[in-house]
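Below is one structure, written out as structure tokens, with a few remarks after it.
All of the numbers you see were taken from the coordinates with simple rules; none came from a lab. Just so it is clear, the structure is predicted and the values come from calculations on it, not from any experiment. Positions of Cβ are backbone-derived with ideal geometry, glycine not excepted, and every protein chain shown enters the neighbour counts.
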Amino acid sequence: MAIITTEIERGFRSWLKQQLHSDGMRIFTDNEISAYAYALRSSCENVTHLSVKNLFYFKTPEELEKETQWLLLDQDYIDIDRAGNGTLSTAVKLYDFFLKNGPDSDAPEEHAPFYLSADCGDIARKEASVAEFYFREISMKPIQRVYYGAPGTGKSYTVRKFLESEFPDPEQLRTHIKRVIFHPAYTYGDFVGAIKPLISLERPLDYVFVAGPFSEILKAAFLNPEEKYYLIIEEINRGHAPSIFGDVFQLLDRDADGKSEYAIVNRDLGAYFSRDPWMKNIFYDGMIWLPSNFNIIATMNTADENVFVMDSAFKRRFELIYVPIDFEILPAEMKKERALFYGAKSLAEIFASSRINGEYAIKLYSKGKLKRNWGTFASIVNNAIDKENLERQRSGKAHSQLIAENKKLGPFFVKEEELNDRDKFFNKVIFYLKQDVFYDSTELFTSSFEEIYEKYSKPEADIFELLV
């Protein structure tokens with residue numbers, strides 16, 4: 001579903017964000033701004049006598065005033081505003097001021113109280129009719145996907161291109177995704193949130209729940225149910241994913257409408273969400289689930305050795321997509337022939353007598369792809385891995401003695417700047433090939449790294465000769 005945020009709403013949000021106190025601190029928090037925008041956009045759906053439910057439809061103060069002068073006396077409106085502790089009426093006042101004074105004006109310090117009022121008991125909070133004012137589940141097909149493959153195949157590149165197609169506006173892209181990277185020291189407290197000590201002028205020591213990126217993006221998804229939100233997890237298998245997800249792992253099972261099939265009780269998250277007036281009536285009992293607009297995309301590097309293995313129970317809750325090695329996706333700049341791969345002889349002449357890569361070089365030459373560039377070098381390395389493994393299999397070596405498929409070079413194994421610096425390329429690529437790939441080969445890289453470096457790190461040396 002496309003994002004329906006209008007230009008006028010984006011302008012209103014931006015106007016509130018730019019409001020600052022004299023000390024440079026923002027007057028309105030992100031949560032407060034989201035609450036006001038949601039109130040104007042969606043909270044009037046149950047106002048019977050209002051023909052247009054989205055108040056952002058009114059783009060002049062005259063239009064808004066004409067509608068709201070009677071709206072303030074409407075019982076439906078009053079009930080909704082009271083349930084939200086005045087959030088809707090505060091939002092209307094701010095929006096009216098914005099329309100009258102423009103995006104460069106200083107906003108009045110109008111704030112709605114963001115906590116339960118003292119007379120709001122459990123009975124009032126449990127009324128289903130009240131909860132409906134806050135959140136309306138929209139059926140979507142959520143994405144839970146893991147892109148996996150060898151180093152440098154373009155997994156993160158694929159994710160970035162997908163997100164850019166979803167959010168062409170850079171500001172929307174920034175506000176609708178959270179990106180994290182898993183690692184061995186990453187914990188549930190980092191990911192979901194944890195109770196942490198807080199020292200302030202008012203209190204010497206207090207303890208508050210500090211939300212992690214999972215909880216922050218989940219809250220945004222609840223506040224804007226019409227819009228898609230994405231949690232991006234890089235290197236998901238470099239941390240212990242089941243313990244990092246903890247109890248929220250249960251939420252990954254989705255029903256036909258995209259909502260979590262099984263909710264969980266997490267009172268810390270429930271209390272955190274309840275700080276917002278538009279969420280307190282949903283999460284008063286600590287029941288948490290994933291809405292259909294909450295998506296998770298992860299990447300997994302299958303060549304990493306010091307990683308945690310994702311168990312089958314975790315994997316089956318994700319769509320796994322293999323990212324193959326494809327040098328055609330390289331940007332034009334990285335396909336250029338470079339001084340790094342300079343040599344006096346033609347590549348056809350160099351590989352003419354090569355037992356390992358001779359046939360493959362002829363194949364590339366016939367397709368016009370035997371060039372002194374990164375793509376040719378890496379693809380010849382990958383062919384050498386296949387040939388080396390074939391020789392080992394024929395000689396009766398065990399599967400554990402073969403070069404792993406994911407040791408191959410992907411198109412983004414190097415950056416463009418490394419192709420312009422011989423020393424950087426040597427220390428990254430050639431060192432990797434010697435130490436991690438062909439360390440026990442009897443065909444390629446048989447000399448010590450010191451000997452290889454001494455001979456081929458010189459500008460006049462032909463790096464392609466290492467693959468003969």
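Some observations on this one:
- Highest average packing first - 436-442, 455-461, 243-249, Cβ atoms within 10 Å: 243-249, 436-442, 455-461
- Label corresponding to Rg/Rh (Cα atoms, Kirkwood Rh) when calculated from the structure given, among [x] 1.11; [y] 1.07; [z] 0.99: [x]
- Under 5 Å from the amide H of Val208 lie the amide H atoms of Lys196, Leu198, each residue being 5 or more positions distant or on a separate chain, with H modelled from the backbone and absent for Pro and chain starts.
- Taking the DSSP beta bridges with both ends in the stretch 144-322, the antiparallel portion is around 30 percent.
- Nearest 10 degrees, 0 to 90: helix 213-223 Cα axis against the chain principal axis: 40
- Pairs from Lys228/Lys315; Lys345/Lys424; Lys315/Lys336; Lys367/Lys387; Lys161/Lys280 whose Cα-Cα separation, in the structure shown, is over 31 Å: Lys315/Lys336; Lys161/Lys280
- Close amide-amide hydrogen proximity is noted between Gly193 and Gly212, each under 5 Å apart and 5 or more residues distant or on a separate chain (H modeled in the peptide plane; Pro and chain starts excluded).
- Residue-wise HN-Hα couplings along the stretch 453-459, as the Karplus relation 6.51 cos²θ - 1.76 cosθ + 1.60 with θ = phi - 60° gives them from phi, are 4, 4, 8, 9, 7, 6, x Hz; Gly and Pro carry x.
- Summary of packing: across the peptides 257-265, 186-194, the per-residue average of other C-beta atoms within 10 Å ranks them, highest first, as 186-194, 257-265.
- Shape call, the stretch 39-79: gyration tensor on alpha carbons, a/c limit 1.5: oblate
- For q = 0.10, 0.14, 0.21 Å⁻¹, Debye-computed log10 I/I(0) when each Cα of the stretch 330-467 counts as one equal scatterer: -0.32, -0.64, -1.49
- Helical content of the chain, expressed as a calculated mean residue ellipticity at 222 nm, amounts to -10000 deg cm²/dmol (DSSP H runs of 4 or more residues, -39,500 (n - 2.57) each, divided by residue number, nearest 500).
- Nonlocal amide H pairs with Leu320, under 5 Å, H built at 1.01 Å: Val146
- In order through the stretch 435-451: 3J(HN,Hα) via Karplus (6.51 cos²θ - 1.76 cosθ + 1.60), integer Hz, x for Gly, Pro: 7, 10, 10, 9, 4, 10, 6, 9, 10, 10, 6, 7, 6, 5, 4, 4, 5
- Rounded to 5, the percent of DSSP beta bridges in the chain classed as antiparallel: 35
- Counting only alpha carbon atoms, the long axis of helix 374-394 and the longest principal axis of the chain meet at about 70°.
- Radius of gyration and Dmax over the Cα atoms of the stretch 248-353, both given in Å: 24.9, 76
- Efficiency of FRET between Ser395 and Ser448 - r from beta-carbon atoms, R0 25 angstrom, step 0.05: 0.55
- For the stretch 48-61, the Karplus equation 6.51 cos²θ - 1.76 cosθ + 1.60, evaluated at θ = phi - 60°, returns couplings of 4, 8, 9, 6, 10, 7, 8, 6, 5, 5, 7, 10, 10, x Hz by residue, with Gly and Pro reported as x.
- Folded to 0 to 90 degrees: helix 30-42 orientation relative to the chain principal axis, Cα: 70
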